[in-house]
Amino acid sequence: MATIFETMHIRNLTNKWEQRKQNYTKQVKTDDRTPEQRQMDSMMEMLKRERDSTQKGNLMNSIDSKIKSGGTLTPEEEAYLKENAPEKLRDYQEVKAEQESYKQKLKACKTKEDVARVKMTTLGNFMSQAKSIDSSPHIPKDKKLELMGKLAAKVANCEQAHQEFEKSQAFRDMPTEEEIREEPEKKQETVEGTYEELAIDEPSLETESDSTPENVTGNIIDEKSIQGENASPPNESIVDVKAIDFADVKNEIDSFFQRNDDGKRHFVVKV
């Protein structure tokens with residue numbers, strides 16, 4: 001009896017094991033591919049990964065170019081940076097903050113000369129940064145490329161803001177310092193002219209020969225000619241904005257990239 005019992009017990013265990021194997025086999029997909037098919041599928045999977053990597057690289061390059069040229073990222077592009085390159089998103093936000101600060105400085109200007117001074121101060125600072133980065137022996141080459149790229153983006157964004165401001169009605173209506181200085185003189189001339197007209201209209205106590213229209217007119221012409229001898233035409237006192245321009249700073253940065261990026265990451269800084 002013991003032998004029969006043991007035999008039946010073993011048979012039951014064997015049946016259970018076979019059932020488990022069958023259930024497991026049903027859950028696992030059988031690979032019926034030939035070796036050639038498996039090799040082909042492997043190659044296709046590798047190509048897909050390379051294609052995805054290339055697409056991501058192209059998208060990142062496109063975003064970099066947009067940032068460096070003064071462009072504004074879409075919400076989708078910002079979300080992509082947040083997920084894949086948060087440090088680039090921080091750089092972009094810093095660049096846009098610089099642009100907004102420059103816009104506010106332009107809006108605070110009272111004269112066209114003030115606008116020119118804001119531009120000169122900003123560009124002088126950018127040029128100083130570019131030369132400092134380029135000449136520093138303590139900054140590694142890769143770090144220099146990174147810093148100069150960020151500076152290029154700031155220059156492009158501020159140039160874009162400056163061009164937009166110069167096209168605005170606020171800038172066109174903005175007076176020059178010369179026009180502001182001339183305003184009191186024009187008011188004084190208006191007052192004096194009124195008094196002169198009143199003097200002509202009133203009966204004169206002078207002799208008829210001294211108060212002839214010819215003499216009065218002649219005196220007025222003489223006064224105007226004397227006042228006008230040294231008068232300067234308007235709009236000639238604007239600060240010379242050609243002392244330094246955005247193109248000068250961009251050329252400085254572009255020269256750096258030509259000498260340091262080995263042709264791999266070179267770009268022309270422009271809006």
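The values are calculated or read from the model by the stated rules, or taken from the named source; none is laboratory data. Small disclaimer: the values here were computed from a predicted structure and weren't measured. Here the Cβ is made from the backbone with ideal geometry for all residues, glycine too, and neighbour counts use every protein chain on show.
I need a count of the residues in region 48-72 that are more than 22 Å from F246 (Cβ to Cβ) and either touching an Asp or Glu at 6+ places or on another chain (Cβ under 9 Å) or surrounded by 12 or more Cβ atoms within 10 Å (Cβ to Cβ) (or both).
Residues of region 48-72 more than 22 Å from F246 (Cβ to Cβ): 48-63.
If we keep only those that are either touching an Asp or Glu at 6+ places or on another chain (Cβ under 9 Å) or surrounded by 12 or more Cβ atoms within 10 Å (Cβ to Cβ) (or both) too, we end up with 56, 59-63.
Counting residues in region 48-72 that are more than 22 Å from F246 (Cβ to Cβ) and either touching an Asp or Glu at 6+ places or on another chain (Cβ under 9 Å) or surrounded by 12 or more Cβ atoms within 10 Å (Cβ to Cβ) (or both) gives 6.
Does A108 satisfy the criteria of being surrounded by 12 or more Cβ atoms within 10 Å (Cβ to Cβ) and small (G, A, S)? Lay out the reasoning, then the answer.
Numbers: surrounded by 12 or more Cβ atoms within 10 Å (Cβ to Cβ): no; small (G, A, S): yes.
Answer is no for this residue.
If I ask for residues that are of a type in the set (D, E), at pLDDT below 75 and surrounded by fewer than 10 Cβ atoms within 10 Å (Cβ to Cβ), which ones from region 1-47 would you list? So that I can check it myself, show each step before the final result.
Start the filter on region 1-47 by keeping residues that are of a type in the set (D, E), which leaves 6, 18, 31-32, 36, 41, 45.
Now narrow it down to the ones that are at pLDDT below 75: 6, 31.
Selection gives D31 alone.
May I ask you to list the residues in region 34-87 that are among the aliphatic types (A, V, I, L, M) and within 30 Å of K103 (Cα to Cα)?
Quick first cut of region 34-87, residues among the aliphatic types (A, V, I, L, M) only: 40, 43-44, 46-47, 59-60, 63, 67, 73, 79, 81, 85.
Correct list: L59, M60, I63, I67, L73, A79, L81, A85.
Could you check region 116-125 and list, in sequence order, the residues that are in contact (Cβ under 8 Å) with a residue 60 or more places away in the chain and either touching a Lys or Arg at 6+ places or on another chain (Cβ under 9 Å) or buried (at least 18 other Cβ atoms within 10 Å of the Cβ) (or both)? Spell out the reasoning first.
Kept after step one, since they are in contact (Cβ under 8 Å) with a residue 60 or more places away in the chain, are these residues of region 116-125: 116-117, 119-120, 123-124.
K119, L123 - these are the residues of region 116-125 that are in contact (Cβ under 8 Å) with a residue 60 or more places away in the chain and either touching a Lys or Arg at 6+ places or on another chain (Cβ under 9 Å) or buried (at least 18 other Cβ atoms within 10 Å of the Cβ) (or both).
Which residue, of E87, E113, is without any contact (Cβ under 8 Å) to a residue 40 or more places away in the chain, farther than 15 Å from L151 by Cα and charged (D, E, K, R)? Reasoning before the result, please.
Details: E113 fails: without any contact (Cβ under 8 Å) to a residue 40 or more places away in the chain.
Checking each option against the conditions leaves just E87.
Go through L123, L198, L205 for me and flag whichever is at pLDDT below 95 and outside any loop (DSSP other than H, G, I, E, B). Steps first, answer last, please.
Details: L123 fails: at pLDDT below 95; L205 fails: outside any loop (DSSP other than H, G, I, E, B).
Within the list L123, L198, L205, the selection yields L198.
Which ones in region 126-149 are part of a helix (DSSP H, G or I) and over 17 Å from S255 (Cβ atoms)? Show your work before the answer.
Taking region 126-149 and keeping what is part of a helix (DSSP H, G or I), we get 126-135, 141-149.
Selection gives D142, K143, E146.
Residues K56, K105: which one is modelled with pLDDT of 95 or more and either in a helix (DSSP H, G or I) or over 19 Å from L145 (Cα atoms) (or both)? Steps first, please.
Details: K56 fails: modelled with pLDDT of 95 or more.
Result of the check over K56, K105: K105.
Please name all residue pairs, on different chains or six or more residues apart, with Cβ atoms under 7 Å, provided the first residue is in region 136-147 and is free of Cβ contacts under 8 Å to residues at least 24 places away in the same chain and the second residue is surrounded by 12 or more Cβ atoms within 10 Å (Cβ to Cβ).
Once the first residue is free of Cβ contacts under 8 Å to residues at least 24 places away in the same chain and sits in region 136-147, its partners that are surrounded by 12 or more Cβ atoms within 10 Å (Cβ to Cβ) give I139/I133; L147/I133.
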